[in-house]
Amino acid sequence: MSELYTSYIETFLTGLADYARAEAVIDETREQEPTYVTISQHLDADGSPLIVALAASVDAFYSLASGYSGVSLDGMDELAVDAVGELFNVINGHFSSRMRAEGRAVSIIDPPRHHHGAAEPDACEFTCTVTSPIGLMTLIGAREEFVPAHTH
């Protein structure tokens, strides 16, 4: 795995802990639970597209939304999608800043997209299972957008 992808995964895990109060680790021995929502965002990394995505189970999704917003959003789908999209945007902004501090050009190109259900790229740059007390998630990196266009 490239240094860029490793840095992204580290930044993502730190962002979950800092902004959603969710400690998490990578655990490739676990299988993903059924995906409730997939959220992606288009970044540019040193002149090349990098699409990062988070596929979350229903429990993980609502826990992330509630952890980030500070209030329970269980069952409030649109508000929860907005909260998790904003969390993802914040984490990706921190990744961009971290990479710029290291002399790499990383920019956010588009706002987050979401899709109810699983969405998988034809070719992954990386994929890893994220385990946390809040539930299981899959973190995905690709070179082409693979989530249908439902921006928020």
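The values are calculated or read from the model by the stated rules, or taken from the named source; none is laboratory data. Worth saying up front: this structure is predicted, and the values here are computed from it rather than measured. No Cβ is skipped: glycine too gets one built from the backbone with ideal geometry, and neighbour counts run over all protein chains shown.
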### Query
Pick from Gln41, Gln32: which is in a loop (DSSP other than H, G, I, E, B) and touching a residue at least 12 places away in the same chain (Cβ under 8 Å)?
Gln32
#### Entry: Selection status of Ser96, among the hydroxyl-bearing types (Ser, Thr, Tyr) and touching an Asp or Glu at 6+ places or on another chain (Cβ under 8 Å)
no
#### Entry: Filtered residues of region 113-142 (kept if in contact with a Ser or Thr (Cβ under 7 Å, 6 or more places away or on another chain) and either assigned to a helix (DSSP H, G or I) or farther than 16 Å from Pro34 by Cα (or both))
Arg113
### Test result for Arg100, without any contact (Cβ under 8 Å) to a residue 12 or more places away in the chain and among the basic types (Lys, Arg)
yes
### Query
Counting only residues that are closer than 15 Å to Gly141 by Cα, under 13 Å from the mean Cα position of the chain (by Cα) and of a type in the set (A, V, I, L, M, F, W, C), how many does region 25-58 have?
9
### Message
Give me the residue from region 3-24 that is touching a residue at least 12 places away in the same chain (Cβ under 8 Å) and more than 14 Å from the chain's Cα centre (by Cα) and, out of that set, nearest to Ile108 (Cα to Cα).
### Response
Leu4
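Considering each of Ala20, Ala45 in turn, give the residue that is under 20 Å from Thr131 (Cα atoms) and of a type outside the set (Ser, Thr, Tyr). Can you show your working first?
On the way: Ala45 fails: under 20 Å from Thr131 (Cα atoms).
Only one candidate passes the filter, namely Ala20.
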### Summary
Over region 67-96, the set of residues part of a helix (DSSP H, G or I), among the polar types (S, T, N, Q) and surrounded by fewer than 20 Cβ atoms within 10 Å (Cβ to Cβ) is Ser69, Asn89, Ser96
### Summary
Only unsatisfied item for Ala53, checking (1) assigned to a helix (DSSP H, G or I); (2) at pLDDT 95 or above; (3) in contact with a Ser or Thr (Cβ under 7 Å, 6 or more places away or on another chain), is (1)
